[in-house]
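Colleague: First the structure, then my questions, so here it is.
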Amino acid sequence: MLKSIERTFALSEKGAKDFVRGTIWTTLLNISLMLPAVFIFLFLLQYLNKPLNPAVEITHGLWYYVLLGLGFMAIMFVIAMFQYSSTYFTIYNESANRRISLAEKLRKLPLAFFGEKNLSDLTSTIMNDNTDLEHTFSHAVPQLFASIFSIILIAIGLFFYNWQLSLALFWVVPFAAAILLIAKRKIDKENKIGYQNKRNVSEKIQEGLDTVQEIKSYNQEKAYIKELNDTVDVYEKQLISGELLTGIFVNSSAAFLKLGLASVIIFGATLVASGAISLFVYLIFLMISASIYNPISEVFNNLAALLYLNVRINRMNEMQAMPIQQGTTDFKPDNYDIEFKNVDFSYEEDKQVLQNVSFTAKQGEITALVGPSGGGKSTSAKLAARFWDIQKGKITLGGQNISEIEPETLLKHYSIVFQDVLLFNTSIKDNIRVGKRDATDEDIIRVAKLAQCDEFISKMPQGYNTIIGENGETLSGGERQRISIARALLKDAPIVLLDEATASLDVENETKIQAGISALVQNKTVLIIAHRMRTIANADKIVVLANGTVVESGSPEILKLQKGVFAKMAQRQMAV
């Protein structure tokens, strides 16, 4: 049962237990809310029934009912406290745990996953969808099931008291529920469309923030605003139509329930006239029928809220079900040679990127991956760090298949500098310290000097403590790249991956950084991706990739003599 609840509502094991506990206490609270009606019933049973039936004796005085009323209030108060604690508090804790669980899930997913998903999609899932689940679960879902259980219990009690009037009271409920259930498929469809339209709005806003420079540079502000307005209009119109559709069916169900009151009045009057029931019983059912339909209507409203959550719950389950990369955490290689053995890889079934790729990047050597754009250089480097898992062949590190090594364990042995640098909105010192959290200030200054950062850092207002803004917005592209290189140098891992790491640097700084890198790559496995021949001038081995295959491999001197692809690339750059 608990497992079913976990899957149905995207809850943790503890969340499912808390949900059951909250439903039980909410059911008890709903039943306790009938205590005032019970109090009135008991009071009227004596003091109203006396004039109607003089033979009835009054057995309890007013003080008895005062104490009984106070006792009922105390019971309701205690139950309400436990109910509040078991729903609101636990749901908010579950919401926090769900966010953490999703973050942990994202942490364990292949890094390539984040290249396939846009930021607004992931942010909406973690924040907006969780907020919707939190609100609905704290205000609607436990109340929905509790209301169903309490109404069933009350209905059973009333049927035992008088089955004829109970039948007249409740015959409308299954028909009213059928109206909403018939509309379920249509409501689900509208909710899915609305969910996607909401995502489209978020993505359009994110797109505008990410490309604001291009939008302004090419005077596309009006075009962008028009596209955004059109996207919002589509979402708004669908939202209105979806809310209207749900409202029509929910209110139709609630309106149909009112027929039960009419049936109680007419059928009850007939029973009183025939002497089948007393006038007192008739009055009691009239009182009950005036209030019993309100919680049933609330059930329908909460059911509509649950239907609204379906697409979000499915999204949560989809995220949690995504396969993660696993492997051993016990990894102590004898060496750090990286070997590709007949590797095939494709992002999609019909998009082959690498085919039968084989080469070895030896420890203590600089291996450069070169070739025309789209040849598979960056993909090969990322596969070497297990950003993706290959479809065929094998990639080994120190002779061990990297697909059998847990990714976080594997990445401890890598220092990576990407072409697209990402920095944090904190100080320069803290941005460099990402490479090694326990590094001293002296260590940071040392690698900053090697990466040619110290010169521009010393000119800043607070030096290494200067806050550089979101993604280093106060820095130039070359300065951001140098900080990224300093971060990788600080980690001082045995394997270094440089993906166009010096592409944003001028010739003078590139030369200086190459000298700094050379001082730190002793006895390391270095894999460089570059288009400029200067960057790979000191490479020990060149691997030329074109159309996803290795077309040449060897030292720069040998490849130049072969007058193949590499020689032509070098000749073209020398001619420029």
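Every number here is computed from the coordinates shown, using simple stated rules; none is lab data. Remember, it's a predicted structure, so these values are computed and weren't measured experimentally. With ideal geometry, Cβ positions are generated from the backbone for all residues, glycine too; neighbour counts draw on all protein chains shown.
Colleague: Work from the charge dipole of the chain (Cβ charges, +1 for Lys and Arg, -1 for Asp and Glu, about the Cα centre) and give the residue of GLN325, SER32, GLY364 farthest towards its positive end.
Modeller: SER32
Colleague: Still on this structure: What number, in percent, do you get for the relative contact order of the stretch 338-575 if the mean sequence gap of Cα pairs under 8 Å and at least 6 apart is divided by its residue count?
Modeller: 29 percent
Colleague: To continue, here is another question. Around ILE405, which amide H atoms from residues at least 5 apart in sequence, or from another chain, sit under 5 Å from its own amide H, with H modelled in the peptide plane?
Modeller: For ILE405, whose amide H was placed from the backbone, the distant partners under 5 Å are THR328.
Colleague: Still on this structure, I have one more. So for the chain, averaging the separation of alpha carbon pairs under 8 Å that are six or more residues apart and normalising by length, what relative contact order in percent results?
Modeller: Numbers: 761 pairs, mean separation 77.9, N = 576.
Across the chain, relative contact order equals 14 percent.
Colleague: Peptides 481-489, 65-73, 23-31: what's the order by average Cβ count within 10 Å, highest mean first?
Modeller: So the peptides 481-489, 65-73, 23-31, ranked by packing, come out 481-489, 23-31, 65-73.
Colleague: Let me ask another. Using the Karplus equation 6.51 cos²θ - 1.76 cosθ + 1.60 (θ = phi - 60°), what ³J(HN,Hα) coupling, rounded to whole Hz, does each residue of the stretch 236-252 give in order, writing x for Gly and Pro?
Modeller: Using θ = phi - 60°, the values come out as 5, 5, 5, 4, 5, 5, x, 5, 5, 4, 4, x, 4, 6, 5, 5, 5 Hz.
Colleague: Given the pairs LYS14/LYS382; LYS184/LYS351; LYS17/LYS392; LYS449/LYS524; LYS392/LYS412, which span a C-alpha to C-alpha distance of over 32 angstrom in this model?
Modeller: Check vs 32 Å cut-off fails for LYS14/LYS382; LYS184/LYS351; LYS17/LYS392.
Colleague: Grab the DSSP H runs of the chain that are 4 residues or longer, score each as -39,500 (n - 2.57), total them, divide by all residues and round the 222 nm result to the nearest 500 deg cm²/dmol.
Modeller: About -20000 deg cm²/dmol.
Colleague: What is the dipole size for the stretch 2-321, taken about its Cα centre, with +1 at each Lys and Arg Cβ and -1 at each Asp and Glu Cβ, in debye to the nearest 20?
Modeller: 480 debye
Colleague: Once Lys and Arg get +1 and Asp and Glu get -1 on their Cβ, which of PHE280, PHE137, ASN294 lies farthest toward the positive end of the dipole of the stretch 2-321?
Modeller: In the stretch 2-321, that residue is PHE280.
Colleague: A follow-up question, please. I need the phi-derived Karplus couplings for the stretch 194-202: 6.51 cos²θ - 1.76 cosθ + 1.60, θ = phi - 60°, integer Hz, Gly and Pro marked x.
Modeller: x, 4, 5, 5, 5, 5, 4, 5, 4
Colleague: With 33 Å as the cut-off, how large is the P(r) tail for the chain, expressed as percent of Cα-Cα pairs?
Modeller: Tail of P(r) above 33 Å: 62 percent of Cα pairs.
Colleague: Non-local amide H neighbours of LYS392 (under 5 Å, H modeled in plane, Pro and chain starts lacking H): which ones?
Modeller: Correct list: ASP344.
Colleague: Ok, one more. Note down the magnitude of the dipole of the chain about its Cα centre, charges +1 on Lys and Arg C-beta and -1 on Asp and Glu C-beta and zero elsewhere, to the nearest 20 debye.
Modeller: Charge dipole, the chain, about its Cα centre: 520 debye, nearest 20.
Colleague: Sticking with this structure for a sec: So how tilted is helix 90-108 from the main axis of the chain? Cα-based, degrees 0 to 90, rounded to 10.
Modeller: The helix 90-108 is inclined about 20 degrees to the chain.
Colleague: Separate question: Under a Cβ-only charge scheme (Lys and Arg +1, Asp and Glu -1), can you give me the dipole magnitude of the stretch 328-432 about the Cα centre, in debye to the nearest 20? Please list the in-between numbers first.
Modeller: Working: 11 positive and 15 negative charges, 54 e Å.
So the dipole magnitude of the stretch 328-432 works out to roughly 260 debye.
Colleague: Sequence-distant or interchain residues sharing an amide H contact under 5 Å with ILE366, placed H: which?
Modeller: Hits under the 5 Å cutoff: ASP540, LYS541.
Colleague: Show which lysines lie in cross-link reach of LYS258 when reach means a straight Cα distance below 16 angstrom and same-chain residues fewer than eight apart are skipped.
Modeller: Hits, sequence-local ones excluded: zero.
Colleague: Same structure, new question: Applying the Karplus parametrisation 6.51 cos²θ - 1.76 cosθ + 1.60 with θ = phi - 60° to the phi angles of the stretch 396-406, what ³J(HN,Hα) value in whole Hz is obtained for each residue in order, glycine and proline being reported as x?
Modeller: 10, 10, x, x, 9, 4, 5, 5, 9, 10, 4
Colleague: Further question on the same structure: Count the DSSP beta bridges whose two residues both fall in the chain, then state the antiparallel fraction as a percent rounded to the nearest 5.
Modeller: 55 percent
Colleague: For helix 279-321, report the angle its Cα long axis makes with the longest principal axis of the Cα atoms of the chain; keep it between 0 and 90° and round to the nearest 10°.
Modeller: 10 degrees
Colleague: Pick out, from LEU410, SER458, VAL496, the residue whose Cα sits farthest towards the positive end of the charge dipole of the stretch 398-505, with +1 on the Cβ of Lys and Arg and -1 on the Cβ of Asp and Glu.
Modeller: Farthest along the dipole direction, towards plus: SER458.
Colleague: Mind checking the angle between helix 477-491 and the chain's longest principal axis? C-alpha axes, 0 to 90 degrees, to the nearest 10.
Modeller: 90 degrees
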